[in-house]
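The structure appears below as structure tokens.
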Amino acid sequence: MAEFSFELDDDQKAVRDWIHGFAADVIRPAAAEWDEREETPWPIIQEAAKIGLYSLDFYAQQYFDPTGLGIPMTMEELFWGDAGIALSIVGTGLAAVGVLANGTEEQIGTWIPQMYGDPDDVKVAAFCSSEPDAGSDVGSMRTRAVYDEAKDEWVLGGTKTWATNGGIANVHVVVAVVDPEVGSKGHASFIIPPGTPGLSQGQKFKKHGIRASHTAEVVLDQVRVPGSCLLGGKEKLDERLARARERAKTGGERLKNAAMATFEASRPAVGAMAVGTARAAYEVALDYAKTRQQFGRPIIDNQGVAFQLADMRTRIDAARLMVWRASWMAVTGKPFDSAEGSMSKLFASETAKEVTAQAVQILGGNGFTREYPVERMHRDAAIYTIFEGTSEIQRLVIARTLSGVQIR
Ligand SMILES: Cc1cc2nc3c(=O)[nH]c(=O)nc-3n(C[C@H](O)[C@H](O)[C@H](O)COP(=O)(O)OP(=O)(O)OC[C@H]3O[C@@H](n4cnc5c(N)ncnc54)[C@H](O)[C@@H]3O)c2cc1C
């Protein structure tokens, strides 16, 4: 088992510095432009691919880092550069993890490379779970997948929403209902290969923040995919459904199911994104407070400003520690008895919202304009308390885990 240390080893430091260099030299200078364009920054994804920062190999290495710090370190640095562009770079990873977690070896080998493409022809992937009437309440999902046994094909129909890279992805991973009788246990994930007829992009959303990341509806109209596109395969699904039906009959309920464990393990990554944005805003505010003069002295000379900065930095460090703890627990297989993954996401995302708001305040009028990056960072930070489970849902998960009571 990997020993836990607060000090990154030399290899980790080298990787962190390399990512930071890309974030500082390539991402940050392009951030305002792509925020205004509200388009996927393809040239930047391509640059990342050319140096190996947008590739299956790189993310697999970080994902399997035995200390658990590879992914949080990567996320923090990229999102320090800019949240919208960074999400365009890491959004594919969400779909890739969906395949890694549920797919067979053959599915992993076939589809994940097609999600990334290659440096001369980069591709992105999308993970489509949310629906207009099924956001926090995943159990209300309506998109259906029906098996056509004669042809060994699945037929999918429904509308997905809020999909990062939805409609522009080469490969879409879609979660659909295969058995409505057993709630979320009757869901399964499917690969929709490139160019499959019936899949189209619905509306593209104009957003408050992370505007360089493409978010859209995905419409599935009688989409037919081969049986081999069911992640994990039919046999495994049938076994799982049989168990779920049996449990439904006997009224048994497992509080900690596999899906919950997966969320606990993936949520710290979102916490790390939030830490990156918060740190970026804090740094801008600290520099500004040291140089901006009012009443004949730098504004940081006032305790009212300096103490705010002290609180900002304290919260950011606390958030990072929670994220690192949860990431280490995930990789070393520790049970999330207190929902530590959800705790880290809750605290880090609320920290990003609070710290970016304080940064805007410290920059005064300048903080309110697009001449300075904290205005964008403040808009971007609002996403962290919404996606991958809202703050309220994190509190629900934490409270249920701690109390054992099905709090609603
Ligand atoms: C930019 C962006 C990118 C996204 N990317 C993806 C993606 O790639 N793939 C994907 O599948 N989804 C994605 N999502 C969807 C995201 O995960 C959902 O928006 C999120 O889960 C919340 O669902 P909702 O928007 O329907 O809000 P709702 O569930 O309608 O919630 C509305 C409000 O009610 C509160 N609420 C709901 N239920 C409860 C409760 N039981 N107790 C207390 N409060 C409650 C919520 O906390 C929230 O404040 C994305 C969303 C955005 C905005």
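Quick notes
- The label point for D337 and the one for R28, both projected 7 Å from the Cα toward the Cβ, are 4.2 nm apart.
- Under 20 Å from the Cα of K334 - aspartates and glutamates, other chains or at least 8 residues apart: E3, D65, E264
- The chain: angle of helix 105-116 to the longest principal axis, Cα-based, in degrees nearest 10: 40 degrees
- Choice from G296, G232, G68 showing the highest fluctuation, given a GNM over the chain with Cα pairs closer than 10 Å: G296
- Estimated inter-spin distance, K249 and D148, nm [label 7 Å along Cα→Cβ]: 3.2 nm
- Those GluC sites (Glu not before Pro) in segment 122-221 that DSSP places in a loop and that have at most 14 other beta carbons within 10 Å: E149
- Projecting label points 7 angstrom from Cα along Cα→Cβ for E7 and A318 puts them 2.7 nm apart.
- Gyration tensor (alpha-carbon) shape descriptor, segment 268-376, a/c threshold 1.5: prolate
- Distance violations [Cα-Cα > 20 Å] among K290/K345; K160/K206; K185/K249; K160/K204; K123/K151; K160/K249: K290/K345; K123/K151; K160/K249
- Gyration tensor (Cα) of segment 125-250, equivalent ellipsoid semi-axes in angstrom: 26, 18, 11
- For the Cα trace of segment 10-122, dividing Rg by the Kirkwood Rh returns an Rg/Rh value of 0.97.
- Added length on full extension, which subtracts the Cα-Cα distance from 0.36 nm per residue, S200 to Q293: 28.1 nm
- Descending semi-axes in whole angstrom, ellipsoid equivalent of the chain, from the Cα gyration tensor: 37, 24, 20
- Neighbour cut-off at most 11 other Cβ (10 Å), DSSP loop, trypsin sites (Lys or Arg not before Pro), segment 104-212: K151, K206
- Taking other residues whose beta carbon is less than 13 angstrom from the beta carbon of L286, and scoring Lys, Arg as +1 and Asp, Glu as -1, yields +1.
- Each Cα pair under 8 Å and six or more residues apart adds its sequence gap; the mean of these over the residue count of the chain is a relative contact order of 17 percent.
- Cα centroid separation, segment 390-408 to segment 305-364 (Å): 19 Å
- For A49, net neighbour charge (Lys/Arg +1, Asp/Glu -1) across residues whose Cβ lies under 12 Å away: -3
- Other residues lying with their Cβ under 11 Å from the Cβ of V270 contribute a combined charge of +1, Lys and Arg counting +1, Asp and Glu -1.
FYI, it's all coordinate maths here, none of it is from the lab. Everything numeric in this text was worked out from a predicted model, so none of it was measured. Counting neighbours? That spans all protein chains shown, and the Cβs are built from the backbone with ideal geometry, glycine included.
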